[in-house]
Amino acid sequence: MLNLKIVIGSTRPTRAADRVTPWVVDRANSRDTFDVEVLDLRDWPLPLFQEHMGSIGDFADPTYSDPLVRKWNLTLKEADALLVVTPEYLHSIPGVLKNAFDSVFVSWALRNKPLAAVGYSGGIAAGVRAIEHLMDVAIEAEMVPLRDTVIIPRVETAFDSQGSPVDPMTDVAMTVMLDDLEWWASLLAKGRAEGELAPGSLRIRAAMAQLPETP
């Protein structure tokens with residue numbers, strides 16, 4: 001089965017993620033191809049990003065500055081795919097979510113893995129600007145962000161008493177996104193198993209080291 005990590009990107013006490021996430025998890029679990037684990041950032045009080053070349057220890061098995069950072073990296077290393085549930089704060093993702101991505105350092109735990117996103121907001125924008133910024137972060141982490149996402153406007157009234165979306169388009173969008181996520185997760189898992197290129201930054205550094213010194 002494909003290992004899917006669902007990351008809850010808000011830790012606010014009054015977060016609307018608690019309305020959205022149960023439906024997302026249920027839809028993901030309905031597929032027999034995914035082994036789902038929910039990573040609630042409330043349960044991962046990662047320190048503000050503080051890693052550097054002197055804090056990671058052995059490059060082959062980094063220790064980092066905090067055992068929780070090491071555990072976070074190892075947990076994401078297990079994933080074949082990520083699905084992030086995020087609100088929109090000031091036209092972007094929550095700082096705690098950005099910090100969680102920043103903390104994936106040197107392990108390259110996210111490389112060559114697909115990223116899906118469910119965005120929501122209290123207004124009509126539905127988290128689209130947060131998702132746009134999240135995709136930029138994903139590209140820099142060398143992930144494969146999916147084009148098709150799920151956006152939920154006016155989240156306070158978006159679900160009925162049974163926890164299902166009021167707008168049928170929301171459920172349709174989730175089906176399409178999970179189809180894409182499953183396809184990409186399977187494809188990229190096969191590619192990783194067959195062998196990966198080293199990260200581009202390392203290959204550039206190695207190539208530059210081979211250049212003759214300029215007089």
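The values are calculated or read from the model by the stated rules, or taken from the named source; none is laboratory data. Since the structure is predicted, the reported quantities are computational estimates derived from the model, not experimental observations. All Cβ positions, even for glycine, are placed from backbone atoms using ideal geometry, and neighbour counts span all protein chains on display.
Just wondering, is there one or more residues in the stretch 12-26 that are of a type in the set (Val, Ile, Thr) and at pLDDT below 95? Yes, the stretch 12-26 has at least one match. Scanning the stretch 166-185 for residues that are surrounded by fewer than 19 Cβ atoms within 10 Å (Cβ to Cβ) and either under 16 Å from Val25 (Cβ atoms) or touching a residue at least 24 places away in the same chain (Cβ under 8 Å) (or both) gives Asp171, Ala173, Thr175, Val176, Asp180. Of the residues making up the stretch 1-59, just one is free of Cβ contacts under 8 Å to residues at least 40 places away in the same chain, assigned to a strand (DSSP E or B) and farther than 22 Å from Ile131 by Cα, namely Asp35.
Residue-level analysis places Gly163 among those that are touching a Pro at 6+ places or on another chain (Cβ under 7 Å), touching a residue at least 40 places away in the same chain (Cβ under 8 Å) and exposed (fewer than 14 other Cβ atoms within 10 Å of the Cβ).
Val24 meets the conditions (1) surrounded by fewer than 19 Cβ atoms within 10 Å (Cβ to Cβ); (2) under 16 Å from Thr175 (Cβ atoms); (3) not acidic (Asp, Glu) in every case but one. The failed one is (1).
Yes/no per residue for (1) under 11 Å from the mean Cα position of the chain (by Cα); (2) buried (at least 17 other Cβ atoms within 10 Å of the Cβ); (3) not in a strand (DSSP E or B):
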position: Leu115; (1), (2), (3): yes, yes, no
position: Val118; (1), (2), (3): yes, yes, no
position: Gly123; (1), (2), (3): no, no, yes
position: Ala126; (1), (2), (3): no, yes, yes
position: Ala130; (1), (2), (3): no, yes, yes
position: Asp136; (1), (2), (3): no, no, yes
position: Glu142; (1), (2), (3): no, no, yes
position: Ile151; (1), (2), (3): no, yes, no
position: Glu156; (1), (2), (3): no, no, yes
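Does any residue of the stretch 188-196 turn out to be at pLDDT 95 or above, surrounded by 13 or more Cβ atoms within 10 Å (Cβ to Cβ), part of a loop (DSSP other than H, G, I, E, B) and not small (Gly, Ala, Ser)? No; the residues of the stretch 188-196 include none that is at pLDDT 95 or above, surrounded by 13 or more Cβ atoms within 10 Å (Cβ to Cβ), part of a loop (DSSP other than H, G, I, E, B) and not small (Gly, Ala, Ser). Take the residues in the stretch 97-113 that are touching a strand residue (DSSP E or B) at 6+ places or on another chain (Cβ under 9 Å) and assigned to a loop (DSSP other than H, G, I, E, B), then tell me which one is surrounded by the most Cβ atoms within 10 Å (Cβ to Cβ). Checked the stretch 97-113; the qualifying residue surrounded by the most Cβ atoms within 10 Å (Cβ to Cβ) is Lys113.
Entry remark, the stretch 1-21: residues being of a type in the set (Gly, Ala, Ser) and either surrounded by fewer than 17 Cβ atoms within 10 Å (Cβ to Cβ) or under 15 Å from Val176 (Cα atoms) (or both) number 0 in total.
Listed here are the residues, each with its yes/no results for (1) surrounded by 14 or more Cβ atoms within 10 Å (Cβ to Cβ); (2) at positive phi; (3) within 13 Å of the chain's Cα centre (by Cα).
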residue	(1), (2), (3)
Asp58	no, no, no
Pro62	yes, no, no
Leu68	yes, no, no
Thr75	yes, no, yes
Val85	yes, no, yes
Ser92	yes, no, no
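Look at (1) of a type in the set (A, V, I, L, M); (2) under 27 Å from Leu97 (Cα atoms); (3) free of Cβ contacts under 8 Å to residues at least 40 places away in the same chain and you find that Ile204 fails only one, number (2).
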